[in-house]
Amino acid sequence: MKYAGLTMQIMVALALAVFAGIKLDEWFEFSTPLLVWLLPLLIVVVMMWQVIKDTSKQK
């Protein structure tokens, strides 16, 4: 139950990153969906870093 909130946070962050990537790709008029791939990848890396940091704390 402790990580249920984190799972929802990751899902919302990924959805927002994809949406922002689509809008930014349209705004910058890229021919390939560059930001649709890069923004969610960045979110996954940051979230994994956060999970590792949170779970490796010594009590």
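Since every read-out is calculated from the coordinates, none of them should be taken as a lab result. Given the structure is predicted, the values throughout are model-derived calculations rather than measurements. Glycine gets a Cβ as well: all are built from the backbone with ideal geometry, and neighbour counts include every protein chain shown.
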Exercise. Considering only the range 1-37, state which residues are within 25 Å of TRP49 (Cβ to Cβ) and among the charged types (D, E, K, R).
Key: LYS2
Exercise. Go over the candidates MET47, MET8 one by one and state the one that is on the phi < 0 side of the Ramachandran plot, surrounded by fewer than 12 Cβ atoms within 10 Å (Cβ to Cβ) and of a type outside the set (Ser, Thr, Tyr).
Key: MET8
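Residue by residue, here is whether (1) touching a residue at least 40 places away in the same chain (Cβ under 8 Å); (2) in a helix (DSSP H, G or I); (3) touching a helix residue (DSSP H, G or I) at 6+ places or on another chain (Cβ under 7 Å); (4) of a type outside the set (A, V, I, L, M) holds:
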position	(1), (2), (3), (4)
THR7	no, yes, no, yes
ALA13	no, yes, yes, no
ALA20	no, yes, yes, no
ASP25	no, yes, yes, yes
PHE30	no, no, no, yes
LEU41	no, yes, no, no
LYS53	no, yes, no, yes
LYS57	no, no, no, yes
